[in-house]
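I have placed the structure first, in the form of structure tokens, so that the comments after it can refer back to it.
The values are calculated or read from the model by the stated rules, or taken from the named source; none is laboratory data. In this text, all values refer to a predicted model and were calculated from it rather than measured experimentally. Counting neighbours? That spans all protein chains shown, and the Cβs are built from the backbone with ideal geometry, glycine included. Remember, those area values only see protein heavy atoms, side chains included, never the ligands or the DNA or RNA. Shrake-Rupley method; radii C 1.70, N 1.55, O 1.52, S 1.80 Å.
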Amino acid sequence: MIITLKKSSKQKDVAAVTDKIKAFGYMPHVSEGKDVTIIGMIGEYAEKHKEAFEAMDAVEHVSEIQKPYKLASRDFKKENTIVKISKNVEIGGKKIHVIAGPCAIESKELMFNTAKIVKDAGASILRGGAYKPRSSPYAFQGLGERGLKYLRDSSLKLHMPTISEAMTVEQVDLLSNYCDIIQLGARNIQNYDLLKAVGKQKKPVLLKRGMATTIKELLLSAEYILSQGNYNVILCERGIRTFETATRFTMDLNAVPVLKKLSHLPVVLDPSHGIGIREHVGTMAKACIAVGADGLIIEVHPQPELALSDGPQSLLPDQFKDMMKELDLIAKAVGRELLD
Ligand code: PEP
Ligand code: MN
């Protein structure tokens, strides 16, 4: 249930309510909006205590959230969530941030060269997988911690925040030491222990929708992270499985307006995996911005024919550069910004 405080409420009123929530054995979730403060008390039997809060002076009203996801829902928080990544990078505001880099970190040189290319073209966050979820056990599995060192090295030299994927609970601490955002991949969206583990640490999490996950299930997975106290969650649409085989996945652009209506969390789109075909990634990236993306993830490789992972969908440096200029125009047309 959610407890809405009176507009006149002070910090001490917030503390009184959160103390009471803790005394009942629940974890309080505070959402300080522009006008009102809402405090969530979520969990089985929470409603049993409704009257105890209604009786408090500072409380305006107490209501139940009907949706199965609570903290992820617009009912809990009216304003869009803006996730702060670094001093200059925030996802969910007016500026659309482009996350770019190779699918996998392959070597120190490849990581740095690609990082330099994407930074010069206007990307603000560096991507690169060190632990790769591959369909085949014989395919390149990633460089592990050595790869994360290369990613960090590029990040320090170029002053760019980074993102990389954690595939297991054990990798979460390591990833949070090396990166600014932890990515949870499509194949792990219903790995509930992993969701809880990233919820217990502080780094922002980019949660990719599974290829057979409904919007409701995506929001419930986000709820797992939020329920542990980490409110810095970014949703990511990256294509779903349909009967279509001409493209790698089917980019569900429908998900964007729907997610934005149901949830306050920012939504980033991944047209690289969504379509899986290099020559069409730029076209789909434009569509992603038109439909309301707060950010994009794009795979880039200086020599995609030699890439150890996802070469066919990786943009060539010039393609990326040209695409960024076109995306800037679309961003402006929808009242957003992309390039500085
Ligand atoms: C990736 O970003 O390289 C990746 C493996 O993504 P997904 O989990 O969406 O397949
Ligand atoms: Mn990839």
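For the stretch 193-340, the spread of Cα coordinates along the three principal axes comes to 42, 36, 31 Å, biggest extent given first.
Could you please report the charge total around residue 284, scoring K, R as +1 and D, E as -1 over all other residues with beta-carbon less than 13 angstrom from its beta-carbon?
Values: positive: 238, 248, 278, 286; negative: 237, 252, 270, 279, 299, 326.
Within the 13 Å Cβ shell, the charges total -2.
GNM remark for the chain: springs join alpha carbons under 10 Å apart, and the peak mean-square fluctuation among 294, 193, 310 falls on 193. Once all protein chains are placed together, residue 120 keeps about 110 Å² accessible to a 1.4 angstrom probe. In this structure the chain gives 44 Å² per residue of accessible area when probed at 1.4 Å with all protein chains present. Mean residue ellipticity at 222 nm, helices only, the chain: -10500 deg cm²/dmol; runs of at least 4 DSSP H residues each add -39,500 (n - 2.57), and the sum is divided by the number of residues. For the chain, with all protein chains present and a 1.4 Å probe, just round the carbon and sulfur fraction of the accessible area to a whole percent. C and S atoms contribute 52 percent here. Bridging of residue 6 to aspartates and glutamates at a Cα separation below 18 Å is possible for 19, 32, 35, 51, 54, 57, 60, 64, 75, 79, once same-chain residues fewer than 8 apart are set aside.
For the cross-link pairs 95/132; 132/200; 77/119, the ones whose C-alpha atoms lie over 25 Å apart are 95/132; 77/119. Placing dummy labels 7 Å off each Cα toward the beta-carbon, the span from residue 10 to residue 48 is 3.4 nm. Just to confirm a number: summing +1 for Lys and Arg and -1 for Asp and Glu over residues other than residue 8 whose beta-carbon lies under 14 angstrom from that of residue 8, what do you get? That sum, taken over residues with Cβ under 14 Å, equals 0. Dipole check for the stretch 1-48: with +1 at the C-beta of Lys and Arg, -1 at the C-beta of Asp and Glu, and the Cα centre as origin, the magnitude is about 200 Debye.
Pull out a ≥ b ≥ c, the square roots of the eigenvalues of the alpha-carbon gyration tensor of the stretch 68-164, then state rounded if a/c is under 1.5, prolate if not and a/b is larger than b/c, and oblate in the remaining case. Since a/c reaches 1.5 but b/c is at least a/b, the shape of the stretch 68-164 is classed as oblate. Note on the stretch 101-136 and the stretch 1-45: Cα centroid distance 42 Å, given to the nearest whole angstrom. Gain on full extension, evaluated as 0.36 nm per residue between residue 140 and residue 177 minus their Cα-Cα distance, stands at 11.0 nm. Restricting the stretch 244-326 to GluC sites (Glu not before Pro) that sit in a DSSP loop and have at most 16 other Cβ atoms within 10 Å of their own Cβ leaves 244.
Extending 7 Å from Cα along the Cβ direction at residue 316 and again at residue 283 yields two label points whose distance is 1.8 nm.
Cα extents for the chain along the principal axes, largest to smallest and rounded to whole angstrom: 67, 43, 43.
About the Cα centre of the chain, how large is the charge dipole given +1 on each Lys and Arg Cβ and -1 on each Asp and Glu Cβ? Please answer in debye to the nearest 20. List each step's numbers first, then the result.
Details: 47 positive and 41 negative charges, 77 e Å.
It works out to roughly 360 debye.
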